[in-house]
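*Asks:* Below is one structure. I have some questions about it.
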Amino acid sequence: MLRKKNRHIFRKIILTFLGIVLLFAIYQYMQVRREVLYNRENGPKAIANILDMGIEESSGIILSVDKKDYYWTHGDSVDYGETPRTSIHGFRFDSTGTRDHQEVILDGVTNLDWGDIAKDKRGNLIVADTGDNLVRKNFVLYRFKEPKLGQKKVEKNDIKKITFRFPGGEELNNEAVFYGDKSIYILNKEYGKTVMYRLMDKNIDTRRVNIADYIGEFEFLGGSSLSNYMDAATGADISKDEMTMVFNTYKGIYMFKRDKKNINFFDGEVYYHPLKWDFRINQYEAVAFTKDEKNLVLTTEQGNVYKVDVDNFQLLREAESTEAIREKSIEIGGDRQGITYKIKHMVYLIQVMVMDIIFR
């Protein structure tokens, strides 16, 4: 009799627990759905489409170093057996589409998973082969002089190949890169937050594998806890004076402002602007400042181009620190983390399924 009573109590506890979990899940779903609808109403409208350039899945964008209203972009990697995408595309655009388009082949490079494109202070472009399409410890940055108008190819000998890895040999996914403080900054693509690393110019050696320095991390603030966890950083850029940095996610843009150089942007003021959140038709992959820096330009894998006024951002948090970034020496080691990668990939697939339900 006592055992039956205990089993009855146990079932009541389990059912109560499951009921609480279900109510919590419904509450979270309602919050995320409300945010989806809000972003669709308040996000920017597409102003152009770049598919007519013959490039698919735009994964990076940057304003030209010296050409007026001219941008560079590139495609993502392709499936096995298809012709690799090892070109960058230069273009201008307006409401009717693109013009002055040129395709420039980068000789001798590979595209395992190009994530972003940046520019430094010496007239160079930097293409980041830093995605996670393959499980790997080593990542690559290709650095070369910005091509001239009409140029069709950058020769292999004119491209500097920077090979690097992260502390501990972590196999990270990284789709956002920018240049500042005489360093190449990398933001990893992790759901719910992003982690910042950098390679200082003075320490880069193209003859060996370089080790990126850990700088800090930023947990997303732009929505409910569940929607933030479903979000990830996919593109970045920095202002000419290096006081403002932006990175875009699937559902918004974060803007960080600091008072002086070599201060961690994540410790500065934080601003936010929503985007039309529907990864099936608006998968934002890249962001760049316009020439006057009054607007931001974004591209999506679907080819749409968006423009956002920087004055329309909302302040989320005041500055927290003005402490200078300190150089850190971190040893690297450890075996290839294949199991960890597979678990993260499984979690990602589950998230995609959940997002697909929410966006219907």
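The values are calculated or read from the model by the stated rules, or taken from the named source; none is laboratory data. Keep in mind that what you see is a predicted model, and the values were worked out from it rather than measured. With ideal geometry, Cβ positions are generated from the backbone for all residues, glycine too; neighbour counts draw on all protein chains shown. Side chains included, ligands, DNA and RNA excluded: accessible areas come from the protein's heavy atoms. Shrake-Rupley method; radii C 1.70, N 1.55, O 1.52, S 1.80 Å.
*Asks:* Considering only protein heavy atoms, what is the solvent-accessible area of residue 257 at a probe of 1.4 Å, reported in Å² to the nearest 10?
*Replies:* Residue 257 has an accessible surface of roughly 80 Å² with all protein chains in place.
*Asks:* Another one. Based on the Cβ-Cβ distance from residue 37 to residue 103, what FRET efficiency comes out when R0 is 35 Å, to the nearest 0.05?
*Replies:* Once the sixth-power term is evaluated, E becomes 0.35.
*Asks:* Separation of segment 50-76 and segment 221-245 by C-alpha centroid, Å?
*Replies:* A separation of 20 Å, based on Cα centres.
*Asks:* Give a residue-ordered list of calculated ³J(HN,Hα) values for segment 156-167 (Karplus: 6.51 cos²θ - 1.76 cosθ + 1.60, θ = phi - 60°; whole Hz; x for Gly, Pro).
*Replies:* 4, 5, 9, 10, 8, 9, 9, 9, 8, 9, 8, x
*Asks:* With +1 on each Lys and Arg Cβ and -1 on each Asp and Glu Cβ, how big is the dipole of the chain about its Cα centre, in debye rounded to the nearest 20?
*Replies:* Values: 54 positive and 53 negative charges, 253 e Å.
Here the size comes out at about 1220 debye.
*Asks:* Taking the highest mean first, how do the peptides 51-64, 243-256, 7-20 order by number of other beta carbon atoms within 10 angstrom per residue? Numbers along the way, then the final one.
*Replies:* On the way: 51-64: 20.9, 243-256: 23.9, 7-20: 10.0.
By packing density, highest mean first, the sequence is 243-256, 51-64, 7-20.
*Asks:* I would also like to ask the following. So for the pair residue 240, residue 203, with labels modelled 7 Å out along Cα→Cβ, what separation do we get in nm?
*Replies:* 3.0
*Asks:* Mind listing the long-range amide H neighbours of residue 215? Cut-off is under 5 Å, sequence gap 5 or more, other chains count too, H placed in the peptide plane at 1.01 Å from N.
*Replies:* Residues meeting the amide H criterion: 196, 197, 198.
*Asks:* Expressed as an acute angle from 0 to 90° and rounded to the nearest 10, what is the orientation of the C-alpha long axis of helix 2-42 relative to the principal long axis of the chain?
*Replies:* Result, in degrees: 30.
*Asks:* Helix 338-358 against the longest principal axis of the chain: what's the angle in degrees, Cα atoms only, rounded to the nearest 10?
*Replies:* 80
*Asks:* Calculate what fraction, in whole %, of the accessible area of the chain sits on carbon and sulfur atoms when a 1.4 Å probe is rolled over the protein chains.
*Replies:* Working: 9690 of 18100 Å².
The computed percentage sits at 54.
*Asks:* So what are segment 198-245's ellipsoid semi-axes, whole angstrom, largest first, if each one is the square root of 5 times an eigenvalue of the alpha-carbon gyration tensor?
*Replies:* On the way: eigenvalues 174, 51, 17 Å².
Semi-axes, largest first: 29, 16, 9 Å.
*Asks:* Here is a further query. Karplus couplings for segment 243-258 from phi (6.51 cos²θ - 1.76 cosθ + 1.60, θ = phi - 60°), rounded to Hz, Gly and Pro as x?
*Replies:* Result, ordered by residue: 9, 10, 10, 10, 9, 9, 10, 5, 10, x, 10, 9, 10, 10, 10, 10 Hz.
*Asks:* Still on this structure, please answer the following. Could you size up the charge dipole of segment 21-124 around its Cα centre, putting +1 on the beta carbon of Lys and Arg and -1 on that of Asp and Glu, and report it in debye to the nearest 20? Walk me through the numbers on the way to the answer.
*Replies:* On the way: 12 positive and 17 negative charges, 113 e Å.
In debye, rounded to 20, segment 21-124 gives about 540.
*Asks:* Here's a follow-up. Add +1 for every Lys or Arg and -1 for every Asp or Glu among the other residues with Cβ under 14 Å from the Cβ of residue 220, and state the total.
*Replies:* Details: positive: 189, 193, 251, 317; negative: 35, 190, 217, 219, 231.
Residues near residue 220 contribute -1 overall.
*Asks:* Remind me, relative contact order of segment 127-255 in percent, using alpha carbon pairs under 8 angstrom and six or more residues apart?
*Replies:* Values: 255 pairs, mean separation 25.8, N = 129.
Worked out over segment 127-255, it gives 20 percent.
*Asks:* Taking 0.36 nm per residue of sequence separation and subtracting the Cα-Cα distance, how much length would be gained by fully extending the chain between residue 15 and residue 96, in nm to one decimal? Working shown, then result.
*Replies:* On the way: separation 81, 0.36 × 81 = 29.16 nm, distance 5.84 nm.
Going from the current span to full extension adds 23.3 nm.
*Asks:* Work out from phi, with θ = phi - 60° and the Karplus expression 6.51 cos²θ - 1.76 cosθ + 1.60, the ³J(HN,Hα) of each residue of segment 196-201, listed in order in whole Hz, and give x for Gly and Pro.
*Replies:* Result, ordered by residue: 9, 10, 8, 10, 7, 3 Hz.
*Asks:* Would you mind working out the accessible area per residue for segment 167-265, using a 1.4 Å probe, and quoting it in Å²?
*Replies:* Details: 3100 Å² over 99 residues.
Here the residues of segment 167-265 average 31 Å² of exposed surface.
*Asks:* Let me ask you something else. Between beta-carbons, use under 12 Å as the cut-off and find the net charge around residue 51, counting Lys and Arg +1, Asp and Glu -1. Let's see the in-between values first.
*Replies:* On the way: positive: none; negative: 52, 56, 57, 301.
Once positives and negatives cancel, what remains is -4.
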